[in-house]
Amino acid sequence: MAYQENSSTAESVSFRSFFTSVATAAIVALALTSSVPVCRGQEMAEGPAPRLAADPHTDSHIAGAIKQVSPDRIRQTIEKLVSFGNRSTISAQDEDSIKAGKGIGAAREWIKAEFERYSKDCGGCLEVKTDTFTEQPGERIPKPTEIANVYAVLRGADPQQANRIVLVTGHYDSRNSDTFNGTDPAPGANDDGSGTAVSLECARVLSQAAAKLKFPATIIFLTVAGEEQGLNGSKHFAQMAKQQGWKIEAVLNNDIVGGDRNPQQDTSVVRVFSEGLPAAASEAEIRRIRMLGGESDSTSRELARYIADVGRSYDAGVKPLLIFRLDRFLRGGDHYSFNQQVFAAVRFTEYREDFNHQHQNVRTENGIEYGDLPKFVDFDYVARVARLNLATLASLAWAPAPPTSVKMQTKNLDNDTTLTWEPSAGAAAYEVVWRSTSAPDWEYVQTVSSGTRATLKVSKDNVIFGVRALDQAGHRSLPVVPEPER
Ligand SMILES: [Zn+2]
């Protein structure tokens, strides 16, 4: 335990000082007019001078939308979820229990009704759906059990881009000390009433905003069950998405974002976990990653960097603290189900967890209070995490599609770098971003205002490149790391 704590703290501190230094560097560069910052790996490029990649891009509509997130609504959602008593996947879901407002069946019906209510308020702009299946008995499933994922779809306004999907999720099932206990209280206020509330609140606010803001891409607001029994719900949903060929560009999994009120809590940050080597990579892909030095450039890692960019661009009230690791020790989460199906997915979790307030029977022992109760949740903090999620969803759904077939020419030995790519739907321009191989986040950016090709006086041997698409208003897509082409 002590080792885990030290390890995670040390890593957190190093990333935080990195972001602070990048922010400081950006301010210094701005103060010194537009002089190009000089360092190795950043030689002069053709065309306009490169900028620091830490420059923010803020859209006033998105900045306005995040203000609509309500801590009070989030509190109501979490208290309602807790009122169902026990939301274990193996708890009651018969008609009588649903009527009595007890068990996971009642929680499922309430979430569905909430999504339907939001949809009514936006003139039917949301499609409310369930993904229901029967899980056969397994390690934590004693008998065949119906599991339902409930979700709402805000369909993209551009027919050419509506097949692009960004998704936010939380799990609405809960547990107490015993995985097989479906009757005694399992309030699950933080784990994961908080993440469920983030998904619902993003749905409420973005469906309201959709009347004015026409997002070209589709946004899905998901709540899954079965997480505590073995990620059963998310596994089924991700497999369905893969089989049906859904083009999911990003999954934001919120699990334990309640900002537990303990003295060591840091409510100024939320951790964002992302895998390095992709779970779904084949042996051949692992060999290629090894050769290219691509260990820190999975699509999930690029998504994490994108969230850092959103965190600099919008005043969500909480900053993403990137953790370059799949998850915490001894724990897992629904983002992994999506990673296994080759989707980019990250996990948001509060900075400091209190394990007395997770997976515990509600009780007091030796003066210590156990149990995942609403009184330990900081609803303002959950709202700030929801704002960061919302700004990320809106930025991605508004941006053009990421460029495809991004190639880096390696036919000849050459100290310059030439990149090519295919045009993206909705793109008005492109940007090449790069960083030295030892830097955690993008350092420089060069605009390519026309065409789908760029030659830079920067050696591909010394840096990692990415290419992203921009629309007229400057919304940025996820960057794509080029494949070498010979
Ligand atoms: Zn959880």
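Summary table below
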read-out: Selection within the stretch 308-326 - hydrophobic (A, V, I, L, M, F, W, C) and more than 17 Å from Arg435 (Cα to Cα); value: Val310, Ala316, Val318, Leu321, Ile323, Leu326
read-out: Single residue of Ser199, Ser174 found to be in a loop (DSSP other than H, G, I, E, B), of a type in the set (Ser, Thr, Tyr) and within 16 Å of the ligand (Cβ to nearest atom); value: Ser174
read-out: Output for the stretch 123-142, where each listed residue is over 27 Å from Val257 (Cα atoms), of a type outside the set (A, V, I, L, M, F, W, C) and touching a residue at least 40 places away in the same chain (Cβ under 8 Å); value: Gly123, Glu135, Gly138, Glu139, Pro142
read-out: Conditions (1) in a loop (DSSP other than H, G, I, E, B); (2) at pLDDT 95 or above; number of the one not met by Arg387; value: (1)
read-out: Those residues of the stretch 340-365 which are within 16 Å of the ligand (Cβ to nearest atom) and part of a helix (DSSP H, G or I), in sequence order; value: Phe355, Asn356, His357
read-out: Criterion violated by Lys129 - all others in (1) in a strand (DSSP E or B); (2) touching an Asp or Glu at 6+ places or on another chain (Cβ under 9 Å); (3) open to solvent by 10 Å² or more (accessible area, probe 1.4 Å) satisfied; value: (2)
read-out: Any chance Thr410 is surrounded by 15 or more Cβ atoms within 10 Å (Cβ to Cβ) and within 30 Å of Val445 (Cα to Cα); value: yes
read-out: Residues of the stretch 105-117 classified as of a type outside the set (Asp, Glu) and open to solvent by 10 Å² or more (accessible area, probe 1.4 Å), total; value: 5
read-out: Out of Leu390, Leu322, Leu396, Leu413, sole residue that is more than 16 Å from the ligand (Cβ to nearest atom), among the aliphatic types (A, V, I, L, M) and free of Cβ contacts under 8 Å to residues at least 12 places away in the same chain; value: Leu413
read-out: Given (1) of a type in the set (A, V, I, L, M); (2) within 13 Å of the ligand (Cβ to nearest atom); (3) in a loop (DSSP other than H, G, I, E, B), number of the condition Leu213 does not satisfy; value: (2)
read-out: Residue under evaluation Ser207, criteria (1) in a helix (DSSP H, G or I); (2) within 15 Å of the ligand (Cβ to nearest atom); (3) of a type in the set (Gly, Ala, Ser), criterion not met; value: (2)
read-out: Evaluation of Arg331 against (1) surrounded by fewer than 22 Cβ atoms within 10 Å (Cβ to Cβ); (2) of a type in the set (Lys, Arg); (3) away from the ligand (no atom under 16 Å from the Cβ) (one fails), failing number; value: (3)
read-out: Yes/no for Gln264 being modelled with pLDDT of 95 or more, within 30 Å of Pro137 (Cα to Cα) and open to solvent by 50 Å² or more (accessible area, probe 1.4 Å); value: no
read-out: Meets criteria (surrounded by 15 or more Cβ atoms within 10 Å (Cβ to Cβ) and within 21 Å of the chain's Cα centre (by Cα)) for Ile98; value: no
read-out: Selection count where residues are within 30 Å of Pro400 (Cα to Cα) and within 16 Å of the ligand (Cβ to nearest atom), scope the stretch 244-267; value: 6
read-out: Checklist (1) open to solvent by less than 40 Å² (accessible area, probe 1.4 Å); (2) assigned to a loop (DSSP other than H, G, I, E, B); (3) of a type in the set (D, E, K, R) applied to Arg325, failing item; value: (1)
read-out: Members of the stretch 122-171 that are more than 16 Å from the ligand (Cβ to nearest atom), basic (Lys, Arg) and either over 30 Å from Ala469 (Cα atoms) or at pLDDT below 95 (or both); value: Lys129, Lys143
read-out: Index of the failed condition, Thr223 passing every other in (1) within 13 Å of the ligand (Cβ to nearest atom); (2) open to solvent by 10 Å² or more (accessible area, probe 1.4 Å); value: (2)
read-out: Neighbours by Cβ (under 7 Å, 6+ apart or cross-chain): first from the stretch 174-185, of a type in the set (D, E, K, R); second in a loop (DSSP other than H, G, I, E, B) and at pLDDT 95 or above; value: Arg175/Ser88; Arg175/His359; Asp184/Asn176; Asp184/Asn361
read-out: So Met240, is it away from the ligand (no atom under 16 Å from the Cβ), out of contact with any Lys or Arg (no Cβ under 6 Å at 6 or more places or on another chain) and farther than 30 Å from Ser438 by Cα; value: yes
read-out: Inter-residue pairs, beta-carbon under 7 Å, first under 28 Å from Phe324 (Cα atoms) and outside any strand (DSSP E or B) and in the stretch 420-444, second among the charged types (D, E, K, R) and at pLDDT 95 or above, 6+ apart; value: Asp441/Arg305; Asp441/Arg435; Trp442/Arg305; Trp442/Arg435; Glu443/Arg435
read-out: Of residues in the stretch 366-378 being in a loop (DSSP other than H, G, I, E, B) and more than 14 Å from the ligand (Cβ to nearest atom), the one most open to solvent (accessible area, probe 1.4 Å); value: Asn366
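Every residue, every condition in (1) in contact with a helix residue (DSSP H, G or I) (Cβ under 8 Å, 6 or more places away or on another chain); (2) outside any helix (DSSP H, G or I); (3) open to solvent by less than 30 Å² (accessible area, probe 1.4 Å); (4) modelled with pLDDT of 95 or more, yes or no:
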position: Glu228; (1), (2), (3), (4): no, no, yes, yes
position: Ala238; (1), (2), (3), (4): yes, no, yes, yes
position: Glu275; (1), (2), (3), (4): yes, yes, yes, yes
position: Arg287; (1), (2), (3), (4): no, no, no, yes
position: Arg290; (1), (2), (3), (4): no, no, no, yes
position: Gly294; (1), (2), (3), (4): yes, yes, yes, yes
position: Glu302; (1), (2), (3), (4): no, no, yes, yes
position: Tyr306; (1), (2), (3), (4): yes, no, yes, yes
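The values are calculated or read from the model by the stated rules, or taken from the named source; none is laboratory data. Just so we're clear, the structure is a prediction, and the values are computed from it rather than from any experiment. Counting neighbours? That spans all protein chains shown, and the Cβs are built from the backbone with ideal geometry, glycine included. The area values use the complete protein model at the heavy-atom level, side chains included, leaving out ligands, DNA and RNA. Shrake-Rupley method; radii C 1.70, N 1.55, O 1.52, S 1.80 Å.
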